[in-house]
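A.B. asks: I have a structure I would like to understand better, so I am pasting it below and will then ask my questions one at a time.
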Amino acid sequence: MHLTPKDIRRFFAGIVFPSILAIILFIVSIYIFILPVFENNIMDKKREMLKELVNTSWSLIEDYNQNYKDSLFSLKEAQQLAINKIEKIRYGDESKDYFWIIDLFPRMIMHPYLPELNGTELLDYKDQAGKALFVVAVDTVINSGEGFIDYMWQWKDDSTRIVPKLSFVKIHHDWNWVIGTGIYLEDVKEEISSLEKRLIKITFIIIGIISVIILFIVKQSLDIERRRKDIEDKLKSSRRKYQSLVEASVDGTLLLIDDHIIFSNMKFNTMFGSSASFVLSLKFDDIFDIQWNHVKSLFKNSGKSVSVDTQLKKPNKSLKDVVLTISKVFFGKQEGHIIIVKDITKLKLVEKETQELSSEIQTSLLLMNQPVAHFIKNFTKCDINTSVQEASIIMTRKNTNVLFVSQNESIIGIITDSDLRSRVLAEKQDAKISVSQIMTSPVISVPDNILLYEAVLIFDKKNVSHLAIKNSKSEIVGVLNSSDVYEMQKNSISFLVREVENAENIEQIEKTTNRLPVLVKALIDSGARTQNITRIITSLTDVITQRIIALSIESLGKPPCSFAFIAVGSEGRMEQTLATDQDNAIIFNNVDQENHQVYKTYFLELGKKVTTALDQLGFKYCNGEVMANNPKWVLSLDDWKNQFKSWINNSDPKSILEAGIFFDFRCIYGKSDLTEDLQNYIFNTIDSKAVFFQHMANPILKYRSVVNLFGNIVGDSKENDQAAFDIKKIILPIISFIRIYSLKNKIAETNSIRRLERLNSAKLLSNTLYNEINVSYNYLMLMRFRFQTNELLKKQTPDNLINIEDLSDIEKTTIKKIISEISNLQTQLSFDFKGNL
């Protein structure tokens with residue numbers, strides 16, 4: 001039963017309106033009466049404090065004056081002692097508030113933070129508002145002996161910040177000195193603001209209590225009105241309501257009363273494959289592969305819902321996987337159930353395929369993600385003068401297919417079973433010849449901390465079957481056999497790399513790139529480190545880019561000169577995610593002016609082919625057009641040097657914003673000499689360019705956290721207008737912080753973690769700050785990978801926005817902590833590049 005307009009007016013006039021009026025009067029009284037009184041009291045206390053402080057310092061001067069009168073010191077000595085004593089006095093929360101002294105000329109006798117004013121005449125010294133504050137101070141003490149003055153002054157020891165200030169001044173007649181000190185009105189405003197916040201909080205608590213009381217009264221009133229309704233009308237209305245809900249549902253829906261199906265909507269009829277009349281003639285057990293009595297037993301309390309997985313038994317005898325969500329409702333004394341039916345056949349297929357593929361590769365991935373030190377075998381060696389026959393006997397006795405050759409305890413070569421077959425038996429060589437005549441030299445060796453998949457890449461690149469493994473002391477401690485490794489890596493990243501290298505067209509490469517999200521998910525599920533994930537993504541994307549460039553060159557013809565295809569931004573830092581767009585460019589060798597445009601045209605066409613192919617493979621075009629298909633970023637080496645010189649010397653905010661990602665470049669294909677030459681030029685150019693580094697630091701110092709999102713984060717919006725935040729915006733100041741210190745200290749690494757390690761090993765960052773940055777960065781990147789991988793596996797376009805509702809309370813707390821730690825980075829930057837702000 002609905003309330004009439006008359007009832008609503010009476011209710012509002014008797015309860016709601018008086019309550020609202022009382023709240024308004026309460027708020028108005030706070031702001032009109034209470035706050036001004038508190039404000040005046042605070043100012044009176046501040047004035048009294050200033051007066052007491054100045055009187056204390058004045059007493060010190062009087063003490064030294066008395067010493068002078070008693071002939072303990074000369075006048076000059078007494079005055080200097082007084083100056084020295086008062087100059088060192090500090091007070092306040094930060095111990096930065098101070099006293100100053102002038103004479104009646106006026107001339108500055110002593111100012112602790114502006115020593116350059118000491119001894120200078122102050123007749124023309126004015127604050128930013130044009131007020132001759134020291135002249136006003138002299139006039140005040142001449143007229144009254146003491147008093148208050150207000151003016152604009154720098155914030156404590158920060159000369160860049162000018163704020164209002166109130167000072168108390170007092171004259172010392174014997175010496176004609178004026179001593180003063182002051183408070184910043186900003187401090188007073190902060191106290192008042194703090195008081196306002198507390199009062200507002202109290203106000204909202206009171207409003208909340210009253211609102212709860214009002215809501216309780218409304219609820220009680222509505223309950224009383226509803227009880228008047230007739231039971232029969234209630235039953236009819238309920239049936240119509242639920243039937244309308246069932247009919248309008250976008251999912252297949254059934255309505256049951258007393259265990260009988262009384263309605264099915266069109267969506268369910270289509271899913272089931274029959275008419276509504278046929279459905280109504282059936283029982284629940286005839287339609288689903290689950291007993292209705294079992295479903296009813298799942299309910300413990302009326303009004304709650306349960307969900308069960310089952311199969312829909314269609315009239316054509318086929319089965320369809322569905323999930324049922326059943327809610328219990330009542331129509332008078334009759335028990336009813338609403339059943340929502342969702343088809344999950346396609347979803348299950350996708351999940352099954354994903355699980356199978358993930359299971360298939362996860363074991364291999366975990367193995368290939370381990371250091372080679374776990375898989376090496378002991379090695380056997382012989383002297384360089386050993387005959388081939390003797391070497392064969394040694395290999396047979398030791399049951400090994402590889403033998404290292406040594407000279408003076410140094411390993412200089414290697415022979416294998418394959419060498420014996422191809423270089424001795426096939427060539428009909430005498431078995432008594434020395435192993436030095438058939439050995440392979442030099443021996444390819446790698447450190448024992450490289451990952452297994454990296455060893456596979458070296459096997460392929462160097463075309464060798466065995467690698468010598470060295471420890472941290474560069475001593476050979478074992479051997480790694482390619483055949484052993486290949487048995488373990490059939491689905492690993494190395495296998496995918498070889499697939500790309502052997503691909504003859506874009507379609508073949510695309511089949512490999514489609515497996516990347518599952519690879520990443522398997523790594524995340526296995527607890528892999530961020531650095532390992534990015535290394536694997538980088539290895540695959542690099543070889544994809546290299547293969548596309550090679551195919552494009554086959555189409556275009558041989559390049560007219562040497563060049564380097566470079567990656568910048570996240571790809572240049574080897575920190576790509578699954579939502580990274582393209583950031584690339586081309587450097588070609590310097591040529592004469594006559595051929596310059598011809599060469600540039602070739603490389604621009606190459607860039608267009610490569611970027612188009614990458615876009616087809618899912619590496620989307622850069623919104624800022626920082627790509628090798630843009631003439632702006634296809635330049636000769638000298639043109640690139642001029643471009644960086646312009647960015648560095650004209651380091652305005654726009655130039656710095658544009659140039660930021662270009663300082664993270666590396667060579668993917670071509671002549672790395674060109675990138676090394678450009679890197680050295682940049683380091684030489686930025687040397688002693690303090691303004692450049694200040695401007696690079698500015699965007700980080702101006703960073704404002706999005707911490708309001710959790711209470712609340714000010715972010716973007718995601719689907720359905722859910723609150724979301726851009727995780728990339730939280731990572732960006734961390735990356736920028738690492739970049740500026742790396743450039744300052746000429747660290748050639750581009751990867752953020754490697755840069756960070758170099759900075760820490762060189763003692764350029766404290767261990768505490770290093771650990772905070774390292775942990776924060778890895779946590780954010782893993783979260784970024786996890787959400788992007790889930791989006792890709794759901795066939796959604798990945799991005800950097802994360803819904804707040806998808807985070808656990810622990811994750812929210814951790815991100816808030818990371819955001820708060822960014823202020824430490826800002827403090828460090830401020831100290832190193834902007835001075836002590």
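A.B. asks: Mind checking which pairs have a first residue in region 639-651 that is of a type in the set (Asp, Glu) and a second that is open to solvent by 10 Å² or more (accessible area, probe 1.4 Å) and not in a helix (DSSP H, G or I), Cβ under 9 Å, 6 or more apart or different chains?
C.D. replies: Here the result reads ASP639/ASN590, each pair linking region 639-651 to a residue that is open to solvent by 10 Å² or more (accessible area, probe 1.4 Å) and not in a helix (DSSP H, G or I).
A.B. asks: Restricting attention to region 409-452, which residues are open to solvent by 80 Å² or more (accessible area, probe 1.4 Å), assigned to a loop (DSSP other than H, G, I, E, B), more than 26 Å from ALA373 (Cα to Cα) and not acidic (Asp, Glu)?
C.D. replies: Matches in region 409-452: LYS428, GLN429, LYS432.
A.B. asks: Which of the residues belonging to region 105-129 are in contact (Cβ under 8 Å) with a residue 40 or more places away in the chain and open to solvent by 50 Å² or more (accessible area, probe 1.4 Å)?
C.D. replies: Across region 105-129, the qualifying residue is only TYR113.
Okay, residues lined up against (1) in contact with a Leu (Cβ under 7 Å, 6 or more places away or on another chain); (2) at pLDDT below 80; (3) of a type in the set (Lys, Arg):
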{"position": "ILE206", "(1), (2), (3)": "no, yes, no"}
{"position": "ILE214", "(1), (2), (3)": "no, yes, no"}
{"position": "LYS267", "(1), (2), (3)": "no, no, yes"}
{"position": "SER275", "(1), (2), (3)": "no, no, no"}
{"position": "ASP285", "(1), (2), (3)": "no, no, no"}
{"position": "PHE288", "(1), (2), (3)": "yes, no, no"}
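A.B. asks: Within region 728-762, which residues are part of a helix (DSSP H, G or I) and among the charged types (D, E, K, R)?
C.D. replies: Across region 728-762, the qualifying residues are LYS728, LYS729, ARG739, LYS744, ARG754, ARG755, GLU757, ARG758.
A.B. asks: Looking only at helices (runs of 4 or more DSSP H) that lie completely in region 258-311, which have at least 2 residues being more than 15 Å from ILE340 (Cα to Cα)?
C.D. replies: Here the list reads 276-280, 284-287, 292-297.
A.B. asks: Within region 141-159, restricting attention to residues that are more than 57 Å from the chain's Cα centre (by Cα) and within 19 Å of LEU123 (Cα to Cα), which residue is surrounded by the fewest Cβ atoms within 10 Å (Cβ to Cβ)?
C.D. replies: ASN143
A.B. asks: Could you grab me the full set of residues in region 196-208 that are open to solvent by less than 100 Å² (accessible area, probe 1.4 Å) and either out of contact with any helix residue (DSSP H, G or I) (no Cβ under 6 Å at 6 or more places or on another chain) or among the β-branched types (Val, Ile, Thr) (or both)?
C.D. replies: Within region 196-208, GLU196, ILE200, ILE202, THR203, ILE205, ILE206, ILE207, GLY208 meet the criteria.
A.B. asks: Next question. Those residues that are open to solvent by less than 50 Å² (accessible area, probe 1.4 Å), in contact with a helix residue (DSSP H, G or I) (Cβ under 8 Å, 6 or more places away or on another chain) and assigned to a helix (DSSP H, G or I), I need them from region 45-102; list them, please.
C.D. replies: LYS46, SER57, LEU60, ILE61, TYR64, ASN65, ASN67, ALA78, GLN79, ALA82, ILE86
A.B. asks: Grab the helices (runs of 4 or more DSSP H) fully contained in region 589-707, keeping just those with 1 or more residues being at pLDDT 90 or above.
C.D. replies: It comes to 593-616, 637-649, 672-686.
A.B. asks: Here's a follow-up. Looking at region 382-404 only, could you name the residues that are closer than 17 Å to SER422 by Cβ and open to solvent by less than 50 Å² (accessible area, probe 1.4 Å)?
C.D. replies: Within region 382-404, VAL388, ALA391, SER392, MET395, VAL402, LEU403 meet the criteria.
A.B. asks: Can you find a residue in region 238-255 that is open to solvent by 40 Å² or more (accessible area, probe 1.4 Å), modelled with pLDDT of 70 or more and not small (Gly, Ala, Ser)?
C.D. replies: yes
A.B. asks: Right, here's the next one. For region 375-410, give me each residue that is in contact (Cβ under 8 Å) with a residue 60 or more places away in the chain and touching a helix residue (DSSP H, G or I) at 6+ places or on another chain (Cβ under 9 Å).
C.D. replies: Matches in region 375-410: PHE375, LYS377, ASN401, VAL402.
A.B. asks: Another one. Could you check VAL135 against (1) modelled with pLDDT of 90 or more; (2) of a type in the set (A, V, I, L, M); (3) more than 24 Å from LYS51 (Cα to Cα) and say which number it fails?
C.D. replies: The number of the failed condition is (3).
A.B. asks: Please go through region 147-194 and give me each residue that is in contact (Cβ under 8 Å) with a residue 12 or more places away in the chain, not in a strand (DSSP E or B) and not β-branched (Val, Ile, Thr), ordered by number.
C.D. replies: If the condition is that a residue be in contact (Cβ under 8 Å) with a residue 12 or more places away in the chain, not in a strand (DSSP E or B) and not β-branched (Val, Ile, Thr), then LYS156, ASP157, ASP174, TRP175, ASN176, LEU185, GLU186, GLU191 are the ones that fit.
A.B. asks: Inside region 800-822, can you point out the residues that are in a helix (DSSP H, G or I), open to solvent by 50 Å² or more (accessible area, probe 1.4 Å) and not β-branched (Val, Ile, Thr)?
C.D. replies: GLU805, ASP806, ASP809, LYS812, LYS816, LYS817, SER820
A.B. asks: Take the residues of region 708-735 that are among the charged types (D, E, K, R) and at pLDDT below 70: which is surrounded by the fewest Cβ atoms within 10 Å (Cβ to Cβ)?
C.D. replies: Per the criteria, the residue is ASP721.
A.B. asks: Find the residue count for region 551-602, including only residues that are in contact (Cβ under 8 Å) with a residue 40 or more places away in the chain, in contact with a strand residue (DSSP E or B) (Cβ under 9 Å, 6 or more places away or on another chain) and surrounded by fewer than 18 Cβ atoms within 10 Å (Cβ to Cβ).
C.D. replies: Total meeting the criteria: 6.
A.B. asks: Let me ask something else. Would you point out the residue of region 736-786, among those that are open to solvent by 40 Å² or more (accessible area, probe 1.4 Å) and β-branched (Val, Ile, Thr), that is modelled with the highest pLDDT?
C.D. replies: Among those residues, the one meeting the criterion is VAL775.
A.B. asks: Sticking with this structure for a sec: For a quick check of your reading of the model, give me the residue pairs whose first member lies in region 456-467 and is open to solvent by less than 60 Å² (accessible area, probe 1.4 Å), whose second is assigned to a loop (DSSP other than H, G, I, E, B), with beta-carbon atoms closer than 6 Å and at least 6 apart or on different chains.
C.D. replies: Note: pairs meeting the criteria are VAL456/GLN489; VAL464/ILE444; LEU467/ILE444.
The values are calculated or read from the model by the stated rules, or taken from the named source; none is laboratory data. This is a predicted model, so every value here is computed, not measured. Reconstructed Cβ throughout: ideal geometry from the backbone, glycine too, with neighbour counts over all protein chains shown. Just so you know, the surface numbers come from the protein's heavy atoms only, side chains and all, with ligands and any DNA or RNA stripped out. Shrake-Rupley method; radii C 1.70, N 1.55, O 1.52, S 1.80 Å.
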